[in-house]
1. Given the conditions (1) closer than 27 Å to P106 by Cα; (2) in contact with a Leu (Cβ under 7 Å, 6 or more places away or on another chain), which single one is not true for E89?
2. Show the residue pairs meeting these rules: Cβ distance below 6 Å; 6+ apart or different chains; first residue within region 302-315 and more than 11 Å from P7 (Cα to Cα); second residue in a helix (DSSP H, G or I) and open to solvent by 40 Å² or more (accessible area, probe 1.4 Å).
3. Could you tell me whether L117 is farther than 19 Å from A225 by Cβ and without any contact (Cβ under 8 Å) to a residue 60 or more places away in the chain?
4. How many residues are in contact with a Ser or Thr (Cβ under 9 Å, 6 or more places away or on another chain) and either open to solvent by 80 Å² or more (accessible area, probe 1.4 Å) or polar (S, T, N, Q) (or both) if we restrict to region 335-352?
5. Can you name every residue in region 1-27 that is of a type in the set (F, W, Y) and either open to solvent by 50 Å² or more (accessible area, probe 1.4 Å) or part of a helix (DSSP H, G or I) (or both)?
6. Kindly evaluate G95 against the criterion of being at pLDDT 95 or above, open to solvent by less than 70 Å² (accessible area, probe 1.4 Å) and small (G, A, S).
7. If we scan region 199-211, do we find a residue that is assigned to a strand (DSSP E or B) and crowded, with 24+ Cβ neighbours inside 10 Å?
Amino acid sequence: MNILIAPDSFKGSLSAKDFCFHAEKAIKSFNSNINTIKVPLADGGEGTTQAMVLNTDGDFIQCEVTNPVGLKIEATFGILGDGETAVIEMAEASGLTLIDEEKRNPWLTTTYGTGELIKKALDLNVKKIILGIGGSATNDGGAGMLQALGFKLLNKNGENIKNGAKGINELKYIDISNKDRRLDEVEFLIACDVNNPLYGKNGAAYVYGPQKGADKKMVEDMDEALKNFSKIIINTFDKDVSNIPGAGAAGGLGAGLLAFLNANLKPGFEIISEEIKLEKIFKENKIDLLITGEGEMNYQSINGKLPVEISKLAKKYGVKTVSVVGNMGYEFEKVYQHGVDAVFSITSGPMSLSESIENTGYLVEKVISNIIRLLY
């Protein structure tokens, strides 16, 4: 009997790797003869680097970078087992969680640190960079990242623009003559699961600006700044990326990556699945059950979230899927139409959020133990 354990992380409480540990413990405690295959996963967001490095026997690399408000911090990225592919989460250097809530200001925050991570990866002679762009604190269109990579973004006086959306609002010229030439030799794959355009009512500023600390006036100003950024891109490269789905991801970073680095934007699960050869596991092993999971399953889970996407793959091979989650959110039942067979919450009784977070591992074990007893 083969059980595949392939979850996403429970944000803030349990990594995908630790979920696998607790799930295996529960299964083996019931019957030590059950074979478990552990594949900690992610869908392009938090945990992507860890999942891809662990599944390819790669290495973690630490380096000093600039955070969104200009302070020096330690960040981690990964080199996959092939030695030629880097995986970077932009949130490691430019993420919202790096800034105290009262200090969040997307008018001024920068993606410079993300550029520094890319530059460090180039120093290691990689041929491909996979970049997860979820969880950003920024709205600068990737301007800071580009500056770290040698592009000159200049105002009307020929001076380097300021950080943040404020900077791209005053952008007049782009000088590419000093860009890092190694960029031309590298393939960029961007894990992106949103379809927002660069600007407008469904763009980066209006949809994501408020959660980054922007008030109504700042949202309007940032939207105008992104329009200006788009205009200068058109003038420089004679191409308009503003309406390409995903251009508005991560405060317009998607647009910057498309325009300046010729990146390809793809769903996060699709990238990760291909890189770690996930389907090969189903082909080479007779999987009897898939156990997956995430922090909260709700109506949005059908839009590219890992438990649903891997459930679709499991169905291709006739494998039943159980999803263990921290919380069953609004209209979670929609996942039943997309491959998931059953959903179980780890919170079976009255419990505070802090209690749930503190005991997530134990609660996962308890639920999976009951599932295995029922099925086997």
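The values are calculated or read from the model by the stated rules, or taken from the named source; none is laboratory data. Computed from a prediction, not measured in an experiment: that's the story for all the values here. Don't worry about glycine lacking a Cβ; one is built from the backbone with ideal geometry, like all the others, and counts go over all protein chains shown. The protein model used for the area step is the full one, side chains on, heavy atoms only, and it has no ligands, DNA or RNA in it. Shrake-Rupley method; radii C 1.70, N 1.55, O 1.52, S 1.80 Å.
1. (2)
2. Correct list of pairs: I302/K334; I302/H338.
3. Working: farther than 19 Å from A225 by Cβ: yes; without any contact (Cβ under 8 Å) to a residue 60 or more places away in the chain: yes.
So L117 fits the description; yes.
4. Counting residues in region 335-352 that are in contact with a Ser or Thr (Cβ under 9 Å, 6 or more places away or on another chain) and either open to solvent by 80 Å² or more (accessible area, probe 1.4 Å) or polar (S, T, N, Q) (or both) gives 1.
5. Result: F19, F21.
6. In short, yes.
7. No, region 199-211 contains no residue that is assigned to a strand (DSSP E or B) and crowded, with 24+ Cβ neighbours inside 10 Å.
Okay, residues lined up against (1) modelled with pLDDT of 95 or more; (2) farther than 21 Å from T236 by Cα; (3) open to solvent by 40 Å² or more (accessible area, probe 1.4 Å):
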| position | (1), (2), (3) |
| --- | --- |
| K103 | no, yes, yes |
| T110 | yes, yes, no |
| L117 | yes, yes, no |
| T138 | yes, yes, no |
| K152 | yes, no, yes |
| A165 | yes, no, no |
